[in-house]
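I'd like to ask you about the structure that follows.
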Amino acid sequence: MSYALVTGASKGIGKEIALELAGRKYNLILVARSEEILADLAQEIQKHSGVKVVYMAADLAETGVAKKVLVWCESQNLEVSVLVNNAGYGLSGALEKYSVEENRAMMTLNMLTLTEMCQEFLPMLKRQKEAFILNIASSTAYQAMPLMSIYAASKVFVLNFSRGLKHELKDTSVSVTVVCPGATTTGFNDRADIGAKARKAAARVTMTPQDVAQQAVEGMFIGKTEVITGFINKAGAFLAWLLPKNIIEKSAASIYE
């Protein structure tokens with residue numbers, strides 16, 4: 001019996017991806033910090049979808065946590081055929097607004113944990129007849145973002161790492177997809193301390209986490225390398241490539257200042 005493992009599954013896009021996979025009759029492994037929320041969500045999904053749901057409470061920003069998750073799965077005899085690296089967050093403001101430790105924790109979660117989850121679970125995924133990795137990046141991966149510099153840079157890493165890994169695994173049973181959502185109605189803005197001006201600008205193009213999850217999962221199962229959710233975000237990525245970088249960066253800085 002194989003499972004889909006979703007990190008950051010307690011809310012937002014991660015929760016909706018879990019629900020989307022449950023609707024496709026995938027058994028689930030949910031990983032996030034809050035054990036209470038995970039327990040309630042597991043019960044809800046099992047009741048409505050009839051799939052088996054297990055969960056592990058873990059701080060995914062801890063160094064080496066990927067190995068702990070793998071060991072736990074192996075101890076429970078859980079075979080993973082879908083790995084969804086959704087956990088991540090942003091911080092807005094000038095570099096010195098946050099401590100070195102706060103910035104490091106964000107970089108650890110957004111980049112290191114995601115990479116190590118892929119590496120730790122890869123042997124298990126390769127054992128499956130068909131397996132998938134779904135990494136969540138961001139529309140910010142297509143440009144530098146003054147006042148969200150580290151977050152945007154971390155998503156550039158996710159985008160390029162995922163694309164490279166897809167080619168590395170082309171002769172295996174494992175397919176890799178990276179998803180780049182834009183503004184989504186989740187708790188991201190509160191966690192990132194996004195200002196009113198940027199929230200107002202994003203409100204015009206905000207997508208629901210359900211829509212993002214649906215596009216992400218559909219793209220993963222048809223083997224897409226890269227999914228940019230929503231027409232506006234696709235257009236934004238194209239303009240970021242087309243226009244001079246200093247113009248794009250000045251525009252971004254004016255929104256987040």
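Within the stretch 79-88, can you find the residues that are under 25 Å from PRO181 (Cβ atoms) and either surrounded by fewer than 18 Cβ atoms within 10 Å (Cβ to Cβ) or among the small types (Gly, Ala, Ser) (or both)?
Selection gives SER81, ALA87, GLY88.
Further, regarding this structure: Residues of the stretch 1-46 being of a type in the set (Ser, Thr, Tyr) and in contact (Cβ under 8 Å) with a residue 40 or more places away in the chain, which ones?
Answer for the stretch 1-46, where residues must be of a type in the set (Ser, Thr, Tyr) and in contact (Cβ under 8 Å) with a residue 40 or more places away in the chain: SER2, TYR3, THR7, TYR26.
Any idea how many residues of the stretch 139-171 are among the hydroxyl-bearing types (Ser, Thr, Tyr), modelled with pLDDT of 95 or more and in contact with a strand residue (DSSP E or B) (Cβ under 8 Å, 6 or more places away or on another chain)?
Adding up the residues that qualify gives 1.
Table: residues versus (1) within 26 Å of ALA183 (Cβ to Cβ); (2) basic (Lys, Arg); (3) not in a helix (DSSP H, G or I).
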position: VAL54; (1), (2), (3): no, no, yes
position: ALA61; (1), (2), (3): yes, no, yes
position: TRP72; (1), (2), (3): no, no, no
position: ASN77; (1), (2), (3): no, no, yes
position: CYS118; (1), (2), (3): no, no, no
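Any idea which of (1) part of a loop (DSSP other than H, G, I, E, B); (2) hydrophobic (A, V, I, L, M, F, W, C); (3) surrounded by fewer than 19 Cβ atoms within 10 Å (Cβ to Cβ) is the one LEU147 doesn't satisfy?
(3)
If we keep just the residues of the stretch 90-116 that are outside any helix (DSSP H, G or I) and buried (at least 19 other Cβ atoms within 10 Å of the Cβ), which is modelled with the lowest pLDDT?
Checked the stretch 90-116; the qualifying residue modelled with the lowest pLDDT is SER92.
The values are calculated or read from the model by the stated rules, or taken from the named source; none is laboratory data. From a predicted model like this one, the values you see are computed outputs, not experimental measurements. With ideal geometry, Cβ positions are generated from the backbone for all residues, glycine too; neighbour counts draw on all protein chains shown.
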